[in-house]
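Some notes on the structure that comes next.
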Amino acid sequence: MSTVSELGRSHLYCSGTKLCSIFYHLWTTFAALTSFVRNMTLFVFFSCLLLSCLPKTGYESTIIGSSSKINTILSPAGQTKIARDSNGYWFVVVDDDAGTTDYFIKLIYSTTTANPTSSGDWVTTVLVAASGSPVVETVEGTIGAIIIDSNDTLHFVYIEETLGDIRYSYCDNLSEINCTDSWSNPVTLNDDLDNVAMHPAIAVDSDNTPHVIWYQVISRVRNIFYTKANTTGGFYADKQMGTATVNKMFPGIAIDTDDTVHIAWQDADESAFCYLKSKDAANTAPALSTWKNSTYDNTTPDNVFTTDANDGGNIRGCSLVIDVYNNVWLGGTIAAGDDINVYRCPAGDNAWDSVSLAINSTYNYQVQLGVAGKGELHMVGINSTSNDVIYRKYTTSGGWDGDDTTIKEGIFEWPCIEKRIRPDSSSCIGLVWGDDTNDDVYWSTVEATPINLYSRLYANIRLPI
């Protein structure tokens, strides 16, 4: 029989054992957790190190396959524009004047999300024409532009050729894009219908609201106009941008991930790239007071580049794009020397880089820019001597990658490149252009670095359009 003292010792012994056991389990749990955290830290570190060492896709500007004819038109192709939906299908608009005065606009869209390599991979429908059965409007039309938003709605702007005004329609059912019922009724955007409008460009913000810019000839002076959609199915009254007495042409528009609207144009009198941006609130009418320069402290447009008055130089069009890090890229061709000058404005209220990304190139005109990946700029244009379609790429880590790459030899015009590839797209960027000799539309792709999860960790971005 146990004594009281023995029972007490036994109880103390059991209590101590249980206490030690609790501390032991706490210690082993803590040690295991520490080991897990340490191992995960090492795993993340070495994973990032490995990813940073992997080769970059498309670093050599490789042409994917050969260029292919996707459509035969009745006369030399005019302006071409390209867009891609979330499923990876490409859509192209092109002008066609049938060799007569009957101007109309075609839409050519791919039936495969892989690289469309033949005309059999494309379907053609007429959007705007004065005769036949166009799906949007029965009028003469020219110079169309498109963009596809995050809901896969295709927005379309164009010039009504007879009156010279800007019109807009959209299609929210791309699977039946060749049916009239899939398109909205066209609306006219410009208030001044007595003067001819030209070269519209379109962008959408994070709410998928379309913003449109164009130039209009008033008393023989070309002026820039801008508007955006309102909340009632129409558009706000357009606003004239910049000085009214200066010839301004070939505008571009882009919207960053903060919904700041950026515009640029060619100043034909000053031979300069001009630039403004606006931080308008959503669902409000455009106000000229919100349009300011790159540092957002002055309403006078930036003259990003001005040629020397003594060299006979003249800006020959400009192209404006924004990458997923909200850096603004603006470039075009200078007639004197046929060089390309590309400028970059870092994200935020910052000034343009003081040093132009100039290259000695044989580009002459119709330069278009596109962006993909981290600091990757794609450029397409026309060779000034041979009229070949030429391509080149710039990366922030490697600069301009060697010499111009000839995509297609011939007599071509109006090349276009995707402005910004989607993060979920395949690693290629689409190109289209018109054949000025055989009256064809051609297509090709080049490799591009897609936006992957790793690179997207460094920026809070919405999916680009």
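The values are calculated or read from the model by the stated rules, or taken from the named source; none is laboratory data. Note that the structure is predicted; figures quoted are calculated from it, not measured. Reconstructed Cβ throughout: ideal geometry from the backbone, glycine too, with neighbour counts over all protein chains shown.
Can you tell me how many residues in segment 434-453 are at pLDDT 75 or above and under 17 Å from the mean Cα position of the chain (by Cα)?
The number of residues fulfilling the criteria is 3.
State whether one or more residues within segment 246-266 are within 17 Å of Ser319 (Cα to Cα) and either among the polar types (S, T, N, Q) or surrounded by fewer than 17 Cβ atoms within 10 Å (Cβ to Cβ) (or both).
Within segment 246-266, one or more residues are within 17 Å of Ser319 (Cα to Cα) and either among the polar types (S, T, N, Q) or surrounded by fewer than 17 Cβ atoms within 10 Å (Cβ to Cβ) (or both).
Name every residue in segment 173-202 that is in contact with a Ser or Thr (Cβ under 6 Å, 6 or more places away or on another chain), surrounded by 15 or more Cβ atoms within 10 Å (Cβ to Cβ) and farther than 20 Å from Val94 by Cβ, in order of residue number.
First, the residues of segment 173-202 that are in contact with a Ser or Thr (Cβ under 6 Å, 6 or more places away or on another chain): 173, 176, 178, 183-184, 186, 189.
Narrowing the set further to residues that are surrounded by 15 or more Cβ atoms within 10 Å (Cβ to Cβ) leaves 178, 183-184, 186, 189.
Result: Ser184, Leu189.
Regarding Asp269, is this residue free of Cβ contacts under 8 Å to residues at least 40 places away in the same chain and acidic (Asp, Glu)? Break it down into steps so the answer makes sense when it comes.
Numbers: free of Cβ contacts under 8 Å to residues at least 40 places away in the same chain: yes; acidic (Asp, Glu): yes.
So Asp269 passes the test.
From Asp181, Asp192, which residue is in a loop (DSSP other than H, G, I, E, B) and on the phi < 0 side of the Ramachandran plot?
After ruling out the rest, the residue left standing is Asp192.
Can you find, within segment 222-263, the residue that is farthest from Lys419 (Cα to Cα) among those that are in contact with a Pro (Cβ under 8 Å, 6 or more places away or on another chain), part of a strand (DSSP E or B) and not aliphatic (A, V, I, L, M)?
So the residue we want is Lys239.
Taking segment 195-209 as the region of interest, how many residues are in a loop (DSSP other than H, G, I, E, B) and under 16 Å from Lys228 (Cβ atoms)?
Adding up the residues that qualify gives 5.
Identify the residue in segment 267-300 that is touching a helix residue (DSSP H, G or I) at 6+ places or on another chain (Cβ under 8 Å) and more than 14 Å from Met241 (Cα to Cα) and, among all such residues, is surrounded by the fewest Cβ atoms within 10 Å (Cβ to Cβ). Before you say what the answer is, go through the steps one by one.
Residues of segment 267-300 touching a helix residue (DSSP H, G or I) at 6+ places or on another chain (Cβ under 8 Å): 278-280, 299.
Now drop any that are not more than 14 Å from Met241 (Cα to Cα), which leaves 279-280.
Details: Lys279: 13, Asp280: 18.
Checked segment 267-300; the qualifying residue surrounded by the fewest Cβ atoms within 10 Å (Cβ to Cβ) is Lys279.
When the residues of segment 61-119 are filtered to those that are in a loop (DSSP other than H, G, I, E, B), within 23 Å of Lys393 (Cα to Cα) and of a type in the set (Ser, Thr, Tyr), which remaining residue is modelled with the highest pLDDT?
Restricting to residues being in a loop (DSSP other than H, G, I, E, B), within 23 Å of Lys393 (Cα to Cα) and of a type in the set (Ser, Thr, Tyr), the top hit is Thr117.
Evaluate the following for Asp152: is it under 26 Å from Trp433 (Cβ atoms), surrounded by fewer than 22 Cβ atoms within 10 Å (Cβ to Cβ), of a type in the set (Asp, Glu) and within 19 Å of the chain's Cα centre (by Cα)?
So Asp152 passes the test.
What is the number of the single condition among (1) at pLDDT below 90; (2) of a type outside the set (A, V, I, L, M, F, W, C); (3) in a strand (DSSP E or B); (4) crowded, with 20+ Cβ neighbours inside 10 Å that Arg167 does not meet?
Every condition holds for Arg167 apart from (1).
Looking at segment 303-320, is at least one residue over 16 Å from Lys248 (Cβ atoms), of a type outside the set (Ser, Thr, Tyr) and modelled with pLDDT of 80 or more?
No: segment 303-320 contains no residue that is over 16 Å from Lys248 (Cβ atoms), of a type outside the set (Ser, Thr, Tyr) and modelled with pLDDT of 80 or more.
Filter segment 263-285 down to the residues that are in contact with a Leu (Cβ under 8 Å, 6 or more places away or on another chain) and of a type outside the set (Phe, Trp, Tyr) and list them by number.
Once the filter is applied, which keeps residues that are in contact with a Leu (Cβ under 8 Å, 6 or more places away or on another chain) and of a type outside the set (Phe, Trp, Tyr), segment 263-285 yields Ile263, Ala264.
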